[in-house]
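Undergrad: Okay, handing you the structure first.
The values are calculated or read from the model by the stated rules, or taken from the named source; none is laboratory data. Just so you know, these numbers come straight off a predicted model, no measurement behind them. Cβ: placed from backbone, ideal geometry, glycine included. Neighbour counts: every protein chain shown.
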Amino acid sequence: MDKIVSLCKRRGFIFPSSEIYGGLGSSYDYGHYGVLLKNNVKAEWWRAMLRERDDILALDSAIVQHPETWVASGHLAGFTDPLVDCRTCKLRFRADQLEQSACGRKPSKHPGETPDCDLTEARDFNLMFETTVGPVKEEGSTVYLRPETAQGIFLNFKNYLQFGRKKPPFGIAQIGKSFRNEITTGNFIFRTREFEQMEMEFFVPPDEAPRWFAHWLEQRMNWYVNLGIRPDHLQLRPHDADELSHYSSATSDVEYEFPIGWSEVEGIANRGDFDLTAHAQHSGQKLEYVDSATGERYVPHVIEPAAGADRALLAFMVDAYDEDEIGGEGRTVLRLHPALAPVKVAVLPLVRKDGQPELAAEIFRELRELVQAEYDEGGAIGRRYRRQDEIGTPWAVTVDHQSLEDRTVTLRDRDSLEQERFPIAELAEEIGRRLRVPWRSPKLQS
Ligand code: GAP
């Protein structure tokens, strides 16, 4: 993980937030390549939800919603973690995770293990961030930053029935920021207080819920594998009965084998009719499907695949990270699926003279119309390749002296290191072709 964190900072993917003020614990800023990579992760999620199906619609709901939302959803009463304070070191810990936490004075020991530790009784701590609407903090002005994007979808269910003219089974998908005042954060972007979720609520006739639950388990596992995650680093873990959230009758986590061990990147839950029924009771509105032809009416059940964009990005990065040697020199390379790679193609003149930069710039201008491309003419060619390898660029076009004679260039592959010569006129087509063919992590062969 340390290597990933250092690569992210060195190459402008992710920086600790507010660094000039000493940083703010577990808060991160995405830099240029981080933005491009996360955008690609989200675009692939939208593609799987919207472009490849015709039973899901998109939504972007507000972060601050009516406070009654969180009463109905159960978050105000129950979205808590047990918290203990240490009166000696003044740190706070999750009571159920003392064995994974480090004592503030003796980090080799767990809280409560040294004679100096003085822990309070555990008390429930609500994870929702509170704020107020309006200029005056007064009764009734308290609102919450959403701890999940899902509730915005339930609040809009009625709108979608009306405008979408959909009949269950159908889904509503959204990507957006969520906020949780986590007691213990850490492991880089794995657990932060502000993060992005990619959630979809799939509304189904009640008797079809088990079938759709199985469908979404399969679909979501395939999504990660098709985007290059090695299948032996991915598993589905069904929740035990005592782990289930208050709304769920069945949940399975998609887990990735991070350096910190197997951990959740996505939860897929059968939420039953919990949310629609609760919001109907609290709002006084009817939240049900009525078949206008048969008069049949029911409250749909909901299957929810809920993924974290930041965690998925971390899993893709960890899975892609590799080190090898070229000509006796070590190199770091991100073997990302080309669809996820922040930059698809780099265009590099071999030397900064003899008309090579001009021709390279011309090719760059053509390619950037099609894909995210980058032009780089500074420094030795080997160093420029290494830099692109580190940010995961799958292909590099090199303009050399032959290019000026016959308008051909070499196309270097990040993983095989093969360099093939192509006419400039065929480059765009070749890159398009390479982007379309199925891709498999080269790490699988080792
Ligand atoms: N609507 C259901 C829900 O929110 P969840 O399992 O609490 O379920 C879904 O969250 C996903 O959101 C998780 O699998 C994880 O990827 C991401 N997530 C949750 N808390 C997070 C945090 N503190 N930091 C980063 N990602 C988080």
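Undergrad: Within segment 159-179, work out how many residues are among the basic types (Lys, Arg) and at pLDDT 95 or above. Write out each step before concluding.
TA: Filtering segment 159-179 for residues among the basic types (Lys, Arg) gives 165-167, 177.
Filter once more, so that each one left must be at pLDDT 95 or above: 177.
Residues meeting the conditions: 1.
Undergrad: Pull up segment 127-155, narrow it to residues that are within 15 Å of the ligand (Cβ to nearest atom) and not hydrophobic (A, V, I, L, M, F, W, C), then point me to the one that is surrounded by the most Cβ atoms within 10 Å (Cβ to Cβ).
TA: So the first thing to find is which residues in segment 127-155 are within 15 Å of the ligand (Cβ to nearest atom), and the list is 127-129, 144-155.
With the extra rule that they be not hydrophobic (A, V, I, L, M, F, W, C), the set shrinks to 144, 146-149, 151-152.
Working: TYR144: 20, ARG146: 26, PRO147: 20, GLU148: 18, THR149: 24, GLN151: 23, GLY152: 21.
Only one residue tops the list, namely ARG146.
Undergrad: Say we look at segment 238-281 and pick out the residues that are part of a loop (DSSP other than H, G, I, E, B) and away from the ligand (no atom under 11 Å from the Cβ); which of these is surrounded by the most Cβ atoms within 10 Å (Cβ to Cβ)? Give the steps one after another, and end with the answer.
TA: Just the residues of segment 238-281 that are part of a loop (DSSP other than H, G, I, E, B), to begin with: 239-240, 244-249, 259-260, 273.
Now restrict to residues that are away from the ligand (no atom under 11 Å from the Cβ): 240, 244, 246, 249, 259-260, 273.
Numbers: ASP240: 8, LEU244: 15, HIS246: 11, SER249: 15, PRO259: 13, ILE260: 13, ASP273: 19.
Applying the filter and picking the extreme gives ASP273.
Undergrad: Of the residues in segment 184-211, how many are among the β-branched types (Val, Ile, Thr), more than 17 Å from VAL41 (Cβ to Cβ) and buried (at least 21 other Cβ atoms within 10 Å of the Cβ)?
TA: Of segment 184-211, the ones among the β-branched types (Val, Ile, Thr) are 184-185, 189, 192, 204.
Imposing the further condition that a residue be more than 17 Å from VAL41 (Cβ to Cβ) reduces the set to 184-185, 204.
Pick out the ones that are also buried (at least 21 other Cβ atoms within 10 Å of the Cβ) and you get 204.
Number satisfying all stated conditions: 1.
Undergrad: Right, here's the next one. Out of ARG105, ARG193, ARG180, report the one residue that is within 30 Å of VAL5 (Cβ to Cβ), within 11 Å of the ligand (Cβ to nearest atom), out of contact with any Leu (no Cβ under 7 Å at 6 or more places or on another chain) and among the basic types (Lys, Arg). Before you say what the answer is, go through the steps one by one.
TA: On the way: ARG105 fails: within 11 Å of the ligand (Cβ to nearest atom); ARG180 fails: out of contact with any Leu (no Cβ under 7 Å at 6 or more places or on another chain).
Result of the check over ARG105, ARG193, ARG180: ARG193.
Undergrad: Please indicate, with yes or no, whether at least one residue in segment 34-51 is more than 23 Å from ILE175 (Cα to Cα), in a helix (DSSP H, G or I) and of a type outside the set (S, T, N, Q). Can you show your working first?
TA: Going through segment 34-51, the residues more than 23 Å from ILE175 (Cα to Cα) turn out to be none.
Scanning segment 34-51, I find no residue that is more than 23 Å from ILE175 (Cα to Cα), in a helix (DSSP H, G or I) and of a type outside the set (S, T, N, Q), so the answer is no.
Undergrad: Cβ-Cβ below 9 Å, separation at least six or inter-chain, first residue in segment 432-446 and surrounded by 12 or more Cβ atoms within 10 Å (Cβ to Cβ), second assigned to a helix (DSSP H, G or I) and modelled with pLDDT of 95 or more: which pairs?
TA: If the second residue must be assigned to a helix (DSSP H, G or I) and modelled with pLDDT of 95 or more, the pairs left are TRP439/ASN226; SER441/ASP319; SER441/ALA320; LYS443/ASP319; LYS443/ALA320.
Undergrad: Sticking with this one: Select from segment 282-338 the residues that are more than 16 Å from the ligand (Cβ to nearest atom), over 30 Å from ILE260 (Cβ atoms) and surrounded by 21 or more Cβ atoms within 10 Å (Cβ to Cβ) and list them in ascending order.
TA: Within segment 282-338, just PRO300 meets the criteria.
Undergrad: Next question. If GLN97 satisfies every condition in (1) free of Cβ contacts under 8 Å to residues at least 60 places away in the same chain; (2) over 30 Å from HIS66 (Cβ atoms); (3) assigned to a helix (DSSP H, G or I) but one, which is the exception?
TA: It is condition (1) that GLN97 fails.
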